[in-house]
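See below for the structure under consideration.
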Amino acid sequence: MRILRFRSFRMNRNFISSNSAVLGLRGIVTSCRAVVLQRFGGPEVLELRPNVEVPDLKSNEVLVRARAVSINPLDTRMRLGYGRSIFEPHLPLILGRDISGEVAAVGASVRSLSVGQEVFGALHPTAIRGTYADYAILSEDELAPKPVAVTHVEASAIPFAALTAWRALKSTARITEGQRLLVVGGGGAVGFTAIQLAVAAGCHVTTTCGSQSVGRMLAAGAEQAVDYTAEDIELAIKGKFDAVLDTIGGPETERISINFLKRAGHYMTLQGEAASLADKYGLAAGLPLATALLLKKQIQYRYSHGIEYWWTYMRADSEGLHEIRKLSEAGKLKVPVEKTFPITQVREAHEAKDRRHVPGKVVLEID
């Protein structure tokens, strides 16, 4: 890592005045270590480079000294070529969405965060410069103060998954106290955070999961956890639901889920087809096709079942991230970390996820 000249954007004055005696007045980072994806493929394509350029901050951006970054399914899928139509023109790129660390510098218009402050947050799914680096750049609304009660490792596992669930439950379905929610695939990070968010909102939650996750689902507040490997879901689950969050996808899962909904209920799937259609037909043709397909399904299910159909994705939500932080502080939202690796072992970490050697969340620690 090289620390060079001052950049034209503003350093936080409080940092200069209150911390310069301890740390010394310093310039802004212009390069750092980063994990670079040069081409699509297996874990072997990931390369930790010592001197990757750190771009200038825009006025609304924050430079974060990373301490921990989690590995999301999106990271491994991107590495393999998912979203190729979007990402291939920008190779080499940096993977990573989640981050926990400290503010190193802020853009001129940033007011809610200050240098030296511990923060956590997540980038948008289509971001090109990710968080697998010593220093990452996020916008102000993609960050919030780190929950004091958790470590950087624990905090880094939360934002992307929780914001994905937040958008589905709070922005799309607008769940309210007393409603019934079905989470298909509660064992994953998004499903597990959705259960906790819904329980905190006063909802009655049922979920499907593997046998090894049943106890964890019930401990998180689910009223029923159905082992899909041993039970017939359609027979085991009773009643109708106000909303279904489907983290698994597929025609059969979609059919079963939609039949569980009340009229005017919301079906939300993480397995939307926008990226796959864009990859197959190119952006110019694929995205309009995806829009047409979504609209067709929305009309179809509205008339056949009286329900609302959605593809759901993570997006930055400052209000949501601050609520997620509060729930984490209160002990009502946790994402267990199964294993950590140093960033120098990023290939091994991705290999462990690919081979399902580690069933839960994996985090890269950055010293």
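The values are calculated or read from the model by the stated rules, or taken from the named source; none is laboratory data. Keep in mind it's a predicted model, so treat the numbers as computed, not measured. Note that we place each Cβ from the backbone using ideal geometry, even for glycine, and neighbour counts take in every protein chain shown. The area values use the complete protein model at the heavy-atom level, side chains included, leaving out ligands, DNA and RNA. Shrake-Rupley method; radii C 1.70, N 1.55, O 1.52, S 1.80 Å.
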*Since MET11 meets every condition but one in (1) at pLDDT 95 or above; (2) open to solvent by less than 70 Å² (accessible area, probe 1.4 Å); (3) in contact with a strand residue (DSSP E or B) (Cβ under 7 Å, 6 or more places away or on another chain), which condition does it not meet?*
(1)
*What number of residues within region 190-213 satisfy the criterion of being part of a helix (DSSP H, G or I) and modelled with pLDDT of 95 or more?*
11
_Subset of region 122-147 (residues that are closer than 14 Å to LEU57 by Cα and of a type in the set (D, E, K, R))_ = ARG129, GLU140
_Residue ID - surrounded by the most Cβ atoms within 10 Å (Cβ to Cβ), chosen from residues in region 128-161 that are charged (D, E, K, R) and not in a helix (DSSP H, G or I)_ = LYS146
*Looking at region 302-330, which of its residues are open to solvent by 30 Å² or more (accessible area, probe 1.4 Å) and part of a helix (DSSP H, G or I)?*
ARG302, TYR303, SER304, SER318, GLU319, HIS322, GLU323, ARG325, LYS326, LEU327, GLU329
_It is to be established whether one or more residues within region 231-242 are in contact with a helix residue (DSSP H, G or I) (Cβ under 7 Å, 6 or more places away or on another chain) and charged (D, E, K, R)._
yes
*Would you check if GLY188 is outside the structural domain of ILE343 (by the TED database), touching a Ser or Thr at 6+ places or on another chain (Cβ under 7 Å) and open to solvent by 30 Å² or more (accessible area, probe 1.4 Å)?*
yes
*asked:* Pairs please, first residue from region 56-73 and not assigned by the TED database to the domain that holds VAL346, second anywhere and crowded, with 24+ Cβ neighbours inside 10 Å, Cβ atoms under 8 Å, 6+ apart in sequence or on different chains.
replied: none
_Residues (under 26 Å from the mean Cα position of the chain (by Cα) and free of Cβ contacts under 8 Å to residues at least 24 places away in the same chain) located in region 277-296_ = LEU277, LYS280, LEU287, PRO288, LEU289, ALA290, THR291, LEU293, LEU294, LEU295
*Can you tell me which residue within region 72-88, out of those that are in contact with a helix residue (DSSP H, G or I) (Cβ under 6 Å, 6 or more places away or on another chain) and closer than 29 Å to PRO145 by Cα, is surrounded by the fewest Cβ atoms within 10 Å (Cβ to Cβ)?*
THR76
*Taking region 310-324 only, how many residues are within 18 Å of ASP246 (Cα to Cα) and more than 15 Å from the chain's Cα centre (by Cα)?*
2
*Within region 259-273, can you find the residues that are crowded, with 17+ Cβ neighbours inside 10 Å and under 11 Å from LYS240 (Cβ atoms)?*
PHE260, LEU261, GLY265
*Give region 95-112 a look and list any residue that's aliphatic (A, V, I, L, M) and either buried (at least 19 other Cβ atoms within 10 Å of the Cβ) or touching a Cys at 6+ places or on another chain (Cβ under 7 Å) (or both), or say none.*
LEU95, ILE99, VAL103, ALA104, ALA105, VAL106, VAL110
*Answer yes or no as to whether ALA284 is open to solvent by 70 Å² or more (accessible area, probe 1.4 Å), farther than 25 Å from VAL119 by Cα and outside any loop (DSSP other than H, G, I, E, B).*
yes
*Take the residues of region 331-355 that are in contact (Cβ under 8 Å) with a residue 60 or more places away in the chain and part of a strand (DSSP E or B): which is surrounded by the most Cβ atoms within 10 Å (Cβ to Cβ)?*
VAL337
